[in-house]
Amino acid sequence: MFVGTYTPKLDDKGRLFLPAKFRDDLEEGLMVTRGQERCLTVYSLAEFSVITDRLREASLTEKNTRDYVRLLASGAFQETPDKQGRITLAPLLRQYASLEKDVVVIGSINRVEIWEPRAWETYLAQQEQRFADLSEEIIPGI
């Protein structure tokens, strides 16, 4: 399970040190792809396989399905962390998420997200009240 917020930096080669708490779950390999709200999404290979299996079952006659599959797959890059726990973020993905040196890495239960810091702060500020309002709707009784 991926949880928490971390603020590593990209090096000059576009490499990112994965937070130590995430490394064990991702050491066998991972997929980095476009995420929603212009962040990057990191999945373990097993989780990405679950997602792609579900997409294979979806109807490709639906335009929304085709669009989603195209954007997800065309921006997906398989990585294996090096011995220091670094992965390289492809230039296409760094550009998509407006990543330069500073980044915010958050755990999102079954995936990791990588955000440009100002974009994350803006998103967080916009969503905090909604988070409080939605808690009963999303998980009744909490």
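Rule-based calculations on the coordinates, nothing more; no lab input. Remember, predicted model here, so these are calculated numbers, not experimental data. Positions of Cβ are backbone-derived with ideal geometry, glycine not excepted, and every protein chain shown enters the neighbour counts.
Please find, in a Gaussian network model of the chain (springs between Cα atoms separated by less than 10 Å), the residue of Tyr68, Tyr43, Tyr96 whose mean-square fluctuation is greatest.
It is Tyr68.
Could you tell me the ratio Rg/Rh of the stretch 96-139? Both radii from Cα atoms, Rh via Kirkwood.
Radius of gyration over Kirkwood radius for the stretch 96-139 works out to 1.05.
Would you calculate, for the chain, the mean residue ellipticity at 222 nm contributed by helices, counting each DSSP H stretch of 4 or more residues as -39,500 (n - 2.57) and dividing by all residues, to the nearest 500?
The helix-only estimate for the chain comes to -13000 deg cm²/dmol at 222 nm.
Using just the alpha carbons, could you tell me how many Å³ per residue the convex hull of the stretch 21-74 encloses?
Here the figure is 78 Å³ per residue.
Just to be sure I follow the definition: excluding the sites themselves, where is the longest run in the chain that has none of the trypsin sites (Lys or Arg not before Pro) in a DSSP loop with at most 14 other Cβ atoms within 10 Å?
With trypsin sites (Lys or Arg not before Pro) excluded where exposed in loops, the chain gives 14-82 as its longest stretch.
Mind telling me which of Thr41, Thr61, Thr122 comes out most flexible in a GNM of the chain, alpha-carbon contacts under 10 Å?
Maximum among the listed residues: Thr61.
Can you compute the equivalent ellipsoid semi-axes for the chain, i.e. the square root of 5 times each eigenvalue of the Cα gyration tensor, sorted largest first and rounded to whole Å?
23, 21, 16
Spin-label point model (7 Å from Cα, Cβ direction): what's the Ser98 to Gln84 distance in nm?
2.9 nm
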